[in-house]
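A short worksheet on the structure shown next.
The values are calculated or read from the model by the stated rules, or taken from the named source; none is laboratory data. Since we're looking at a predicted model, the values are computed, not measured. In this analysis, Cβ positions are derived from the backbone assuming ideal geometry, glycine residues included, and neighbour counts consider all displayed protein chains. The accessibility values were calculated without ligands, DNA or RNA, using every heavy atom of the protein model including side chains. Shrake-Rupley method; radii C 1.70, N 1.55, O 1.52, S 1.80 Å.
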Number of protein chains: 2
Amino acid sequence: MEQAAHPELRAELRAELRIDQMPQTLREIVLGRLRAAIIAGRFPSGARLVERTLCDQLGVSRSVVREVIRILEAEGLVESLPNRGPVVARMDWAQARQIYDIRLLLEGSAAAGCAAVADAGVKADLAAALSALEAATGGEDAVFEATTRFYEVIFRAAGHDVAWEIVQRLNGRISRLRALTLTAADRAVPGRARMARIAAAIGANDAGAARQAVEDHLREAAEIARRMLEGA
Amino acid sequence: MEQAAHPELRAELRAELRIDQMPQTLREIVLGRLRAAIIAGRFPSGARLVERTLCDQLGVSRSVVREVIRILEAEGLVESLPNRGPVVARMDWAQARQIYDIRLLLEGSAAAGCAAVADAGVKADLAAALSALEAATGGEDAVFEATTRFYEVIFRAAGHDVAWEIVQRLNGRISRLRALTLTAADRAVPGRARMARIAAAIGANDAGAARQAVEDHLREAAEIARRMLEGA
DNA sequence: GGCGGTATGTTGGTATACCATAAGATCATA
DNA sequence: TATGATCTTATGGTATACCAACATACCGCC
């Protein structure tokens, strides 16, 4: 085969929207796919990611796969063993606990900062994200997207863009851990009530309450994860 | 030319130690070089990083350069514009301030955690790092290395490996900003006294004092940076 | 039968050549 | 002068080749 070795991906590349945002690069598509597969637990921890196999499975060339693996490595989802190549990163409760601790600090700070400066626009955005969350019953991706949006509004409003970057990267690892251990039923309770409490505190411009609400939420989430993972 | 297109790097690859840790990969060497060059301010903000030019300058192939650029992108030192390719990331005080804020949270937490559990071994390691810092008068890299080591001991002892990863990545951006604006004379005062205060607090297993010392140190560093950068 | 050495295959790492496309620059012509 | 065509450059993407390292299987020899 000469060129055009990946017709289905090429098609997907154009399919997103009618004429809009075409600059979706192959690398990004592959990145999204591989990341999703790892997070979903389709590869066991420690599984080798053999480049040529991935090339076949994804229908792309080694260059693309290698660059994507570097990115996933930076995200902590993949690690490369010397002379053995990339493997799916091992995760345990010790690491997850650290990540929850970091999120506690960053999200607490962001929520407080957001509450301190939130104007009507921010509050409306938060309300919209909450509505989207309510409307997204069942749709797994929709729930995730609405939740992500909710936090993004908070971080951005607080002017914590850098922290938002970090939290997003960390979330990959936590998502994987959750997918590996929690059942779908467990995940179906994303804590709308607690997020509403966060939104209410921000709506009242009460920084202390907002921080407290976020921290309570996270501590509870961490506790659930801990019970599932302790000793794993 | 067929193979062996980069003799000097290959040589460096073997030169490190007698028979030890050969698995230093070309990619890592190039990563270190390019990162150092960007941090040192050898490229202006927004400068395009033309792949083939870098290949010539570094004497390596495009594969290596591209993968390295992906890594630097994840570190926030490089950003890729659609259809234009990678450029050196722009930095301003707003971003630096965020990074200092994040470090305040993470390093404060790590110092407190370290102080809470530090044993004789940890204290000895900290003392050793401090001595190395004293001994490293003039050697710029040596100062940086000793400082890095000091904080690494703190984070590792506190069991905050994930946070240490994050701080290291953030440090690239801060280092660049400092190099762009501070003179060598300014940098020559890395605050040994303040680091000694941190070590003392940890030596006394006083978590509150350790956190306070770290936060004071960082606030001061941020203040110096702010005065240099305000409005830039 | 157990042992050490060799052959083979797989994998990662690197280099290079090629194509298609997009953006910008240049130039020729109406 | 303005507009459109062409040329250049840089990039994303792909294919391919080579080498080195490692693992494994095999094979002769003790």
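Below is a table of values for the structure above.
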{"item": "Filtered residues of segment B:69-95 (kept if small (Gly, Ala, Ser) and within 13 Å of DNA strand C (Cβ to nearest atom))", "result": "B:Gly85"}
{"item": "Residue match in segment A:48-68 (condition: farther than 30 Å from A:Phe150 by Cβ, open to solvent by 10 Å² or more (accessible area, probe 1.4 Å) and either assigned by TED's automatic domain parsing to the domain that holds A:Ser175 or under 18 Å from the mean Cα position of the chain (by Cα) (or both))", "result": "no"}
{"item": "Subset of segment A:49-75 that is more than 10 Å from DNA strand D (Cβ to nearest atom) and part of a loop (DSSP other than H, G, I, E, B) - its residue that is farthest from the other protein chains (Cβ to nearest Cβ)", "result": "A:Val50"}
{"item": "Scan of segment B:91-102 for residues that are open to solvent by 30 Å² or more (accessible area, probe 1.4 Å) and within 20 Å of B:Ala213 (Cβ to Cβ), ordered by number", "result": "B:Asp101"}
{"item": "Some residue of segment A:76-92 being touching a Ser or Thr at 6+ places or on another chain (Cβ under 6 Å), over 19 Å from B:Ile71 (Cβ atoms) and within 14 Å of chain B (Cβ to nearest Cβ)", "result": "yes"}
{"item": "Which numbered condition B:Gln98 fails, given (1) in contact (Cβ under 8 Å) with a residue 24 or more places away in the chain; (2) within 22 Å of B:Ile174 (Cα to Cα); (3) not acidic (Asp, Glu)", "result": "(1)"}
{"item": "Residue in segment B:133-141 that is without any contact (Cβ under 8 Å) to a residue 12 or more places away in the chain, surrounded by 14 or more Cβ atoms within 10 Å (Cβ to Cβ) and not in a loop (DSSP other than H, G, I, E, B) present", "result": "no"}
{"item": "Residue check, A:Arg35 basic (Lys, Arg) and at pLDDT below 90", "result": "no"}
{"item": "Pairs where the first residue, in segment B:105-125, is open to solvent by 50 Å² or more (accessible area, probe 1.4 Å) and the second is assigned to a helix (DSSP H, G or I) and of a type in the set (A, V, I, L, M, F, W, C), C-beta under 7 Å, 6+ apart", "result": "B:Ala116/B:Ala207; B:Val117/B:Ala157; B:Lys123/B:Ile202; B:Asp125/B:Val153"}
